[in-house]
1. For mean projected area of the Cα convex hull in nm², pick the label among [x] 11.8; [y] 13.4; [z] 12.5 that corresponds to the value derived from the coordinates.
2. Along the Cα→Cβ direction, 7 angstrom out, place labels at Thr92 and Ser28. What is the inter-label distance in nm?
3. Going by a 4.7 Å Cβ-Cβ cut-off, which cysteines of the chain have no partner at all?
4. Apply the a/c threshold of 1.5 to the C-alpha gyration tensor of region 144-217 and tell me whether it is rounded, prolate or oblate.
5. Calculate the spin-label point distance for Asp55 paired with Arg170, positioning each point 7 Å from the Cα along the beta-carbon direction, and give it in nanometres.
6. How long is the gain from Ala15 to Ser101 if the chain were fully straight, where each residue apart is worth 0.36 nm and the alpha carbon distance is subtracted?
7. Going by a ≥ b ≥ c, the root eigenvalues of the Cα gyration tensor, does region 74-164 fall in the rounded group (a/c under 1.5), the prolate group (a/b larger than b/c) or the oblate group?
8. I'd like the carbon and sulfur percentage of the solvent accessible area for the chain, probe radius 1.4 Å, heavy atoms only, ligands and nucleic acids excluded.
Amino acid sequence: MRRLTMAGTVGGVVAVVVALGCAHWVQSSADGHIYDVASVPAAPVALVLGAQVNDDGQPSAFLAARLEIARRLLEAGKVKAILVSGDHGRWTYDEPGAMQSWLVARGVPADRVVLDHAGFDTYDSCVRASRIFGVQQAIVVTQAFHLPRAVTLCREQGIEATGVGDDSVRIYEAMWLRGEVREYGAAVKAAADVLTSRDPIFLGPHETGVEEAVRRG
């Protein structure tokens, strides 16, 4: 029993050290690449990462806040196109479609919004942005606690990525705290994904939607 207790203690310590080390890698890699809407350098495209869509088909408060930042970036001339990347693994649940509908309803031209239906997690969204949509430079948009990991993963894929984070939904204190805590485990997964260079769930041929949307802009 003593040996089991010791092994459990050592394992717990190792897990904490690994999580803290991965979190430090994420933060240090993103340092100098995070801005607000006013100061972020212009880029051809904003990459908006998906989040929960409610049962009525409307984006959750967290997702709507991300979309509002993307809308403001387009309005300010900081980007020419918006790539919305999220989960559409089931016909009855469509994050990219809900994101596009939200943006268009608020004045964003439909031909400036490009949908990635297979952005099942942050790593997949970044890999697909690079390998499927040909994105070389982007402003990544998500919540502030998620942003360093998102920027780091996109930069690991060769995208010249900066980021703008939302903190308006910090008023949802329990959900925000849960997101912050979750980032420690997510940082470990991010490191594993980068080290293994795993392919996303879906790849496919090159899609020209982003290039065409940027030209229209």
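The values are calculated or read from the model by the stated rules, or taken from the named source; none is laboratory data. None of the values given here were measured: they were computed from a predicted structure. Neighbour counts run over all protein chains shown; Cβ positions are idealised from the backbone, glycine included. Keep in mind that these areas ignore ligands, DNA and RNA; they rest on the heavy atoms of the full protein, side chains included. Shrake-Rupley method; radii C 1.70, N 1.55, O 1.52, S 1.80 Å.
1. Computed from the coordinates, mean projected area of the Cα convex hull in nm² corresponds to [y].
2. Each label point lies 7 Å from its Cα, and together they span 4.7 nm.
3. Cys with no partner Cβ under 4.7 Å: Cys22.
4. Details: a/c = 2.46, a/b = 1.37, b/c = 1.80.
Because a/c hits 1.5 or more and a/b fails to exceed b/c, region 144-217 counts as oblate.
5. Placing both labels 7 Å along Cα→Cβ, they lie 3.2 nm apart.
6. Fully extending the segment from Ala15 to Ser101 adds 26.8 nm.
7. Working: a/c = 1.62, a/b = 1.17, b/c = 1.39.
Oblate shape, in that a/c is at least 1.5 and b/c is the bigger or equal ratio.
8. Numbers: 6070 of 10890 Å².
That share works out to 56 percent.
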